Amino acid sequence: MSLRTSIATVCLSGTLTDKLHAAAEAGFDGVEVFEPDLVASAAGPEEVAALARRLGLTLDLYQPFRDAEGVTEEEFADVLRRARAKFRLMQRLGVDTMLVCSNVGTATIDDDEVSASQLRRLGEAAAEHGVRLAFEALAWGRYVDDYRRAWRIVELADHPAVGTCLDSFHILSRGHDPAGIEEIPGEKIFFLQLADAPALTMDVLSWSRHHRLFPGEGAFDLPAFLGHVLRAGYDGPLSLEVFNDTFRQTEVLRTARQARRSLTWLEDQVARLPDPPVRADGPTRLPDAAPPTDVDFVEVKAEDAGAVDVLLRQLGFDFRGRHRSKPVRLWTQGRARVICNEQQARDWSPTLAAVGFEVADPAAAAARARLLQAPPVFRRTLAGELDLAAFRAPDGTEVFLAGPADGDAAWVREFEDGEPPADAPLLTGVDHVNLAQPWQRFDEAVLFYSSVLALDAGAGQDVAAPTGLVRSQIVCSADHAVRLALNVAPLAFDHPDGFPQHVAFTTDDVLAVARRARERGLRPLPVPASYYDDLQARFDLPDATLEEYAGLGILHDRDGAGEFTHFYTETVGGVFFEVVQRRGGYEGYGAPNAPVRLAAQHERSRRPGW
Ligand SMILES: O=C(O)c1ccc(O)c(O)c1
Ligand SMILES: [Mg+2]
C-alpha cells in the first residue's frame, strides 16, 4: 500500500472537470480545490462533488482563504462574514479542510496573540460547519512568513479546528530548517503541500507563482523534507501544489501522470532514507533497480540510413550484418553499437530514435518503469528474437532495457552476414548521448530519466547558440558509466530535421581516430581559425599540436582535474557523432567549446552542399 496522494487543481490545465478526470486517470486519491477554478467552473459545487465521487476522488482541501489575521477588529468582522460564506460553500462541496494563508495584504498588527485570537474565532465558526482550518505561512507573508511562527500562532489559538499547513516551497525557498517540523505534533499538521523548484535567485513570490516543479525536477531536498513531516506523525495525503507556467498550458493528462510519477519517486526516495519514517500505509519502495551500467546500443531511424553507414565506416565501425527479419543493420566498435533502422521509416530523415541501456536486472528495471507509469513501447518481435522491455521517454526516445552481456549483447546474434569485429578497436564505447527536448517536456524528461532509469540530475547550464540559448542538463549514473545530456532547442530553431541529437563515442586516442577518419574521407565539422587562436591563449599549446588540431577539426578543454579532446562529424538529417578522449579526472563535456560547435553547425546548415 502507498501513501495517499492528492493534487491541487492549480497544477493542471483545462476546466475544473477536465482536471478532476485527469487526476483520477493518473491515479491520484484526491484533489485540492483551488478556489478560482471553482468560481470559473460551469459545473457548480454539487456537480463537482458528484463528479469527484463518481471518479473515486476525495476533495481534500479548499484553498486559499486570504488576509484572515493580523487585522483590525473592524476588518475582522468582514473576514468572519467572508469565511462563513466559504464554510457554507464547502459544505455543498463536501470539503472539510480550508487552507488559510498568512496575511500578505491587509495585516497591520504584528502580534502573535492577535493573529491567534482571530484564528481561534475563525476556528469556532468553522467548527460550527464541520470545517477545519489549516494555517500556512506564505514565504512573502507580511508578518508571518515562517512555518515556525505559523505553528506558534496555531498553538496559541489552541482550538481543535485550527491546525497548520506545511508547504515545502515556502519553507525550503527561504532556507528554513525543516528539521523543526518534527517538533510539531502530527495531528496538528492538517495538510501537507509539496513542490520542488529550480535554484533561482529572484523574489520569492515570482519564484513560487511561475517556477515551482514537481518533486524530483528541481533543486530542493524533498525526500529529507517529507521524512521530517512523516516522522512528526502527519497522516494526511501528500499533496502537490505546483504553480508553473508551462504545466498550465500542457495537455492535462500528461501533466497529471508526470505529477503522479513524482510522488511515486518521492515515496521511494523517502523509504530509502537512512532513517526512514514509518506509517501504517508506507512509504513504499519501488523494486530495487540500480542505474544502468552502460549504453547497450543507440538506434538511428531513417528511410535511407546510407549517409549514417558512411560516417560509421569512416569512424572505424565494423559492419556486423543485417537483421535476419527486418531492414535493420548493425555497426559495432568495442562496446559501441549503432543500429540503422529503416523499418517503418518512410519520410524519416536520420533521427536518433532509441537508446538501449544495459541494466543488472531488466525485469526489476521494467517493473520499476511500469510503476512509474512509463508508457510502454511495443515492437514486433519474431519467434526466437529477444523481447526487450521498452518505454517511451517524454521526448519521444524509445528506451530499451537489456541484461548485462560479456562481449557482444545477446541480440547481436540476430544479425547475419557481417564482418567479424576488429581486434583492437580505437573506439571503446559510448561516452554520452545528447537528446533534444521539446521545451515544454524538459522538466518531465528530467524526472523521467532520473526516476525510471535511477539516474542523478546534475546542475543545468545554458549554452549560447546563434539562434538562442540552449538549456542543457546532464543526467548520469553515479559512476558516470551512463551519461545523458538533455538539451532544449531555442524556440527560434526551426529545421525540418529537428534540433540535431548526437552520440559521443569514447576513445583513448582521439588523434588516431581523427586521422583514420580523414583518410577514409570524413569531413569533420569545420572549426574556425579564431577558435585555435583562443585555444593557444587559454592553454599555450605547442604550435605543432594546434596545427594538427586545426587540420582535423579537434577541440580541446581542461579543468583542474584533466583534459578533454574531441571532434564532431557533420550532421546528417538530425544526427551527428562526436569522438571524445578524456584524460585524468575531467568530468565535463567541453562546455566552453559548445558555442563554437553550435555556431559551426549553424553556418553549415545555411550552406548545404558546401
Ligand atoms: O501564491 C499564493 O498566493 C499561494 C496560495 C496558496 C498556497 O497554498 C500557496 O502556497 C501559495
Ligand atoms: Mg501552499
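The values are calculated or read from the model by the stated rules, or taken from the named source; none is laboratory data. Note that the structure is predicted; figures quoted are calculated from it, not measured. So basically every Cβ, Gly included, is an ideal-geometry build from the backbone, and we count neighbours across all protein chains shown.
How many residues are of a type in the set (D, E, K, R) and without any contact (Cβ under 8 Å) to a residue 12 or more places away in the chain when one looks only at the stretch 388-409? Of the residues in that region, 1 qualify.
Among the residues of the stretch 175-184, what is the count of those that are among the aliphatic types (A, V, I, L, M) and surrounded by 13 or more Cβ atoms within 10 Å (Cβ to Cβ)? Don't jump to the end; show me each part of the working.
From the stretch 175-184, those among the aliphatic types (A, V, I, L, M) are 179, 181, 184; that's our starting set.
Narrowing further to those that are surrounded by 13 or more Cβ atoms within 10 Å (Cβ to Cβ): 181, 184.
Matching residues across the stretch 175-184 total 2.
Just so you know, in the stretch 225-237 the residues that are over 15 Å from ILE171 (Cβ atoms) and within 15 Å of ligand 2 (Cβ to nearest atom) include one that is surrounded by the most Cβ atoms within 10 Å (Cβ to Cβ), and it is PRO237.
Among strands (runs of 3 or more DSSP E) entirely within the stretch 303-417, having at least 2 residues that are surrounded by 15 or more Cβ atoms within 10 Å (Cβ to Cβ) singles out 318-323, 328-333, 336-341, 351-358, 389-392, 398-402.
For the stretch 558-577, give me each residue that is part of a strand (DSSP E or B) and within 18 Å of PRO524 (Cα to Cα). Break it down into steps so the answer makes sense when it comes.
Step one: list which residues in the stretch 558-577 are part of a strand (DSSP E or B), which gives 558, 562-569, 572, 575-577.
Answer for the stretch 558-577, where residues must be part of a strand (DSSP E or B) and within 18 Å of PRO524 (Cα to Cα): PHE564, THR565, HIS566, PHE567, TYR568, THR569, VAL572, VAL575, PHE576, PHE577.
Please verify whether VAL100 is touching a residue at least 12 places away in the same chain (Cβ under 8 Å), in a strand (DSSP E or B), crowded, with 22+ Cβ neighbours inside 10 Å and within 16 Å of ligand 1 (Cβ to nearest atom), treating the condition exactly as stated. In short, yes.
Which residue, of ALA68, ALA43, is assigned to a loop (DSSP other than H, G, I, E, B), within 16 Å of ligand 1 (Cβ to nearest atom) and of a type in the set (A, V, I, L, M, F, W, C)? From the options ALA68, ALA43, the qualifying one is ALA68. A residue that is farther than 16 Å from TYR586 by Cα, surrounded by 20 or more Cβ atoms within 10 Å (Cβ to Cβ), assigned by TED's automatic domain parsing to the domain that holds ALA594 and more than 26 Å from the chain's Cα centre (by Cα) occurs nowhere in the stretch 490-504.
Identify all residues within the stretch 152-180 that are within 16 Å of ligand 1 (Cβ to nearest atom) and assigned to a helix (DSSP H, G or I); write none if there are none. Please lay out each step first, then the result.
Start the filter on the stretch 152-180 by keeping residues that are within 16 Å of ligand 1 (Cβ to nearest atom), which leaves 154, 163-174, 176, 178.
Hits for the stretch 152-180 are VAL154, SER168, PHE169, HIS170, ILE171, LEU172, SER173, PRO178.
If you go through the stretch 103-132 and pick out every residue that is closer than 25 Å to GLU47 by Cα, more than 16 Å from ligand 1 (Cβ to nearest atom) and not in a loop (DSSP other than H, G, I, E, B), you end up with 3.
I'd like to know if the stretch 537-549 contains one or more residues that are in the same structural domain as LEU511 (by TED's automatic domain parsing) and in a strand (DSSP E or B). No, the stretch 537-549 has no match at all. Among residues of the stretch 457-471 that are charged (D, E, K, R), those with a Cβ under 7 angstrom from a residue that is surrounded by fewer than 17 Cβ atoms within 10 Å (Cβ to Cβ), sequence gap 6+ or separate chain, pair up as ASP462/LEU469; ARG471/GLY460; ARG471/ASP462.
Here is a yes/no grid of residues against (1) over 16 Å from ALA157 (Cβ atoms); (2) within 16 Å of ligand 2 (Cβ to nearest atom); (3) not assigned by TED's automatic domain parsing to the domain that holds CYS165:
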residue	(1), (2), (3)
ALA85	yes, no, no
ARG88	yes, no, no
CYS101	no, yes, no
ARG120	no, no, no
TYR147	no, yes, no
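Of everything listed in (1) within 23 Å of ARG272 (Cβ to Cβ); (2) surrounded by fewer than 23 Cβ atoms within 10 Å (Cβ to Cβ); (3) more than 15 Å from ligand 2 (Cβ to nearest atom), the single unmet condition for LEU172 is (3). Just so you know, in the stretch 194-217 the residues that are within 12 Å of ligand 2 (Cβ to nearest atom) and charged (D, E, K, R) include one that is farthest from GLY460 (Cα to Cα), and it is ARG209. Residues in the stretch 270-293 that are within 13 Å of ARG368 (Cβ to Cβ) and polar (S, T, N, Q): 1 in all.
Only one of GLY553, GLY584, GLY573 is on the phi > 0 side of the Ramachandran plot and either surrounded by fewer than 20 Cβ atoms within 10 Å (Cβ to Cβ) or out of contact with any helix residue (DSSP H, G or I) (no Cβ under 8 Å at 6 or more places or on another chain) (or both); which? Going through GLY553, GLY584, GLY573 in turn, the sole match is GLY584. Annotation note: of ALA50, ALA24, ALA40, the sole residue that is more than 33 Å from the chain's Cα centre (by Cα), more than 16 Å from ligand 2 (Cβ to nearest atom) and in the same structural domain as GLY236 (by TED's automatic domain parsing) is ALA50.
Residue-by-condition table, conditions (1) within 25 Å of LEU238 (Cα to Cα); (2) in contact with a helix residue (DSSP H, G or I) (Cβ under 7 Å, 6 or more places away or on another chain):
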| site | (1), (2) |
| --- | --- |
| LEU51 | yes, yes |
| LEU55 | yes, yes |
| GLN91 | yes, no |
| ALA107 | no, no |
| SER117 | no, no |
| LEU133 | yes, yes |
| GLU136 | yes, yes |
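Among the numbered conditions (1) within 11 Å of ligand 1 (Cβ to nearest atom); (2) surrounded by fewer than 23 Cβ atoms within 10 Å (Cβ to Cβ), the only one that GLU187 does not meet is (1).
Quick one: would you say ASP275 is modelled with pLDDT of 95 or more and among the charged types (D, E, K, R)?
no
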